[in-house]
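Data first, discussion second: the structure below is written as structure tokens.
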There are 2 protein chains.
Amino acid sequence: MLKTSPETLVSQLLAGNRRALARTITAVENETPESVEILKALYPHTGRAYTVGITGAPGTGKSCLVTTLAQHLRQHHKTVGIIAVDPTSPFTGGAVLGDRFRMRDLSGDAGVFIRSMASRGQLGGLARTTYDVMRVMDAAGFDIVIIETVGAGQNEVEIVKAADTTIVVEAPGLGDDIQAIKAGILEIADILVVNKADNPMVQNTVRALKAMLDLGHRQRTVAHHGQLMVQTDSSGAPEYDFREVPIIQTVAINGQGVPELAEAIESHRAYLAESGIRQDRHRARLQSELVVRLKEILLKKLLDSVPDETLDDVVESLLARQMDPISAVQFLLAHQM
Amino acid sequence: MLKTSPETLVSQLLAGNRRALARTITAVENETPESVEILKALYPHTGRAYTVGITGAPGTGKSCLVTTLAQHLRQHHKTVGIIAVDPTSPFTGGAVLGDRFRMRDLSGDAGVFIRSMASRGQLGGLARTTYDVMRVMDAAGFDIVIIETVGAGQNEVEIVKAADTTIVVEAPGLGDDIQAIKAGILEIADILVVNKADNPMVQNTVRALKAMLDLGHRQRTVAHHGQLMVQTDSSGAPEYDFREVPIIQTVAINGQGVPELAEAIESHRAYLAESGIRQDRHRARLQSELVVRLKEILLKKLLDSVPDETLDDVVESLLARQMDPISAVQFLLAHQM
């Protein structure tokens with residue numbers, strides 16, 4: 001394969017070339033040296049896609065829901081990018097046969113692009129990489145970008161929080177109705193979906209979720225507050241989303257409830273736009289990204305200016321309890337060249 | 001209440017005063033201005049306690065296990081500090097009556113100190129605060145410090161990873177044998193406990209865990225690798241723990257299996273000491289702490305030297321896609337006074 005220059009790749013991607021899109025995502029996912037330049041060049045073309053995070057435990061049928069939702073959006077002439085960060089997702093290979101058959105309807109359509117991300121052995125970096133892949137799909141012009149995660153680990157929650165609308169999927173009869181709250185994901189939901197709503201136990205699940213929402217509402221805003229304080233590091237904490245969280249019942253396998261889900265997303269989108277919350281959240285996220293990047297480059301500059309032996313000596317002094325961490329920081333700042 | 005000076009508080013704490021210990025923990029938990037000085041003064045007295053993290057889903061009986069384990073350790077003349085970071089723990093108030101009765105046996109004993117931490121509304125900061133409270137208990141001279149968390153959210157995993165020995169508790173009949181792997185916590189376990197081993201389904205749970213350990217062993221070392229790379233940021237990545245993870249069956253309510261669990265902890269402790277892994281991990285953790293503190297202070301210095309309006313302008317340019325994040329970082333570094 002001939003090496004394409006980053007400029008060529010970017011202009012091909014912007015022209016709608018799917019092969020260029022796939023190669024760009026691979027570069028970004030592998031954090032190749034070119035990916036920095038690519039992301040810089042794509043940045044002016046981002047900010048237009050609407051992002052939807054879908055998360056839920058295995059067995060809730062969320063991959064099937066993603067498929068049916070994508071089909072619905074296609075019927076309404078929206079292009080859809082799908083990022084699957086979930087080892088149990090049929091998109092990433094953990095499929096049962098039925099899922100694969102359903103997904104076939106998507107794979108022949110040029111208005112849909114599906115990409116799975118490896119989630120093993122990448123702890124810490126995955127949230128950022130996924131965010132960069134979202135930006136690539138955004139620049140490629142997709143109207144909607146859906147991120148599907150299994151929603152249990154810390155990275156998955158981090159990833160899905162970056163979406164404009166976050167959907168948490170539950171299902172009756174999983175034996176444990178408090179899955180979501182245990183994983184701390186109920187509080188990040190903008191929309192709750194009870195899938196497999198043809199199950200006779202569905203009303204129990206809906207009732208349990210309603211009770212948890214009533215209980216958790218105050219805690220939810222507190223948690224959001226804490227999270228945003230951490231993210232923005234100081235000024236500019238946006239307003240909080242005090243909106244009622246709707247509970248939508250779906251049967252993804254036959255499409256029942258999916259138009260209602262699409263409507264709920266549209267209504268949340270309108271709410272975020274009118275209230276200015278979407279803009280505030282994007283601002284907070286950019287602030288937080290700036291802070292993370294600044295911290296990393298400042299640290300790199302400091303460490304580059306301190307001899308390795310000095311650094312090793314400081315750590316050994318800490319280990320021997322001859323110096324405490326606060327004094328160690330002061331010492332290193334003073335020895336910066 | 002008269003205000004005690006940090007010096008007095010520290011010397012009282014080091015002399016074994018339980019009241020001073022409680023007040024110090026409160027100061028550290030609330031991050032009062034004095035807490036910085038207190039932690040500096042206590043640091044030389046830390047590094048002696050052996051720390052054990054115990055985590056598991058609600059219903060596994062882990063609080064009962066903590067109680068019985070603490071009683072066992074007391075019989076062997078070890079002093080025990082307990083930190084409960086779990087809203088469902090009887091230590092933090094979410095107790096059923098039976099638990100409270102069992103815990104009474106501990107509360108009259110001066111060799112045991114129990115402290116619960118609030119885990120709501122503190123996202124992001126909790127792991128550090130808990131680590132600081134561990135240090136306070138360490139300085140106060142406890143032989144063993146046990147940290148109990150519910151092990152579902154991201155903070156809990158972060159907290160428990162800081163322990164020398166991490167124990168993940170499962171129980172048969174919870175309806176979902178893959179709880180642990182879903183939450184990504186199986187891979188951090190040094191010891192697995194199947195509690196409620198008098199349940200007839202116990203062998204199913206043990207078999208499922210064994211199968212997952214066999215499957216997950218290579219992934220586990222990869223994940224550890226990734227995690228440590230992230231934590232240490234560069235040099236000094238310690239060796240990995242390739243040891244077999246033992247599965248211990250317990251019936252916490254009557255103490256069955258608890259001596260075996262204490263033995264397994266002792267054996268892991270000996271392994272960590274002999275292999276040098278404990279020292280390597282402590283070194284990596286101190287490096288990581290140093291990096292976090294440096295990043296924060298460097299960022300603060302930079303932000304202090306950039307006018308607020310400049311910072312706001314940069315963020316608005318990012319939002320308007322007139323500037324990309326990488327150029328923004330370069331711009332701010334160039335405008336540092």
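What the table shows:
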{"read-out": "Close pairs (9 angstrom Cβ cut-off, 6 or more residues apart or separate chains): in a helix (DSSP H, G or I) in region A:18-31, of a type in the set (Ser, Thr, Tyr) and exposed (fewer than 13 other Cβ atoms within 10 Å of the Cβ) anywhere", "value": "A:20/A:8"}
{"read-out": "Top-ranked residue of region B:184-206 - restricted to ones that are in a loop (DSSP other than H, G, I, E, B), under 16 Å from the mean Cα position of the chain (by Cα) and more than 14 Å from chain A (Cβ to nearest Cβ), ranked as modelled with the highest pLDDT", "value": "B:190"}
{"read-out": "Entirely in region B:241-337, the helices (runs of 4 or more DSSP H) that have 1 or more residues that are within 14 Å of chain A (Cβ to nearest Cβ)", "value": "B:277-305, B:308-319, B:325-334"}
{"read-out": "Hits in region A:42-64 - residues which are buried (at least 19 other Cβ atoms within 10 Å of the Cβ) and at pLDDT below 95", "value": "A:53, A:54, A:55, A:56, A:57, A:58, A:60, A:61, A:62, A:63, A:64"}
{"read-out": "Where a residue in region B:267-278 is closer than 17 Å to residue B:248 by Cα and its partner, wherever it lies, is of a type in the set (A, V, I, L, M, F, W, C) and buried (at least 19 other Cβ atoms within 10 Å of the Cβ), with Cβ under 9 Å and at least six apart", "value": "B:268/B:191"}
{"read-out": "Qualifying residues in region A:6-28 (those that are more than 21 Å from residue A:129 (Cα to Cα) and among the hydroxyl-bearing types (Ser, Thr, Tyr)) - the one nearest to the chain's Cα centre (by Cα)", "value": "A:11"}
{"read-out": "Residue match in region B:312-327 (condition: at negative phi, modelled with pLDDT of 95 or more and in contact with a Ser or Thr (Cβ under 8 Å, 6 or more places away or on another chain))", "value": "yes"}
{"read-out": "Residue within region A:236-254 that is on the phi > 0 side of the Ramachandran plot and at pLDDT below 90 present", "value": "yes"}
{"read-out": "Filtered residues of region A:136-183 (kept if modelled with pLDDT of 75 or more, charged (D, E, K, R), over 21 Å from residue A:212 (Cα atoms) and crowded, with 20+ Cβ neighbours inside 10 Å)", "value": "A:138, A:148, A:164"}
{"read-out": "Of all residues making up region B:5-16, the number that are surrounded by fewer than 16 Cβ atoms within 10 Å (Cβ to Cβ) and without any contact (Cβ under 8 Å) to a residue 60 or more places away in the chain", "value": "5"}
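Table: residues versus (1) within 30 Å of residue B:192 (Cβ to Cβ); (2) surrounded by 13 or more Cβ atoms within 10 Å (Cβ to Cβ); (3) not assigned by TED's automatic domain parsing to the domain that holds residue B:128.
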position	(1), (2), (3)
B:271	yes, yes, no
B:285	yes, yes, yes
B:288	yes, yes, yes
B:293	no, yes, yes
B:303	no, yes, yes
B:311	no, yes, yes
B:318	no, yes, yes
B:331	no, yes, yes
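The values are calculated or read from the model by the stated rules, or taken from the named source; none is laboratory data. Fair warning: this is a prediction, and the values are worked out from it, not measured in the lab. Virtual Cβ from ideal backbone geometry, glycine too; neighbours counted across all protein chains shown.
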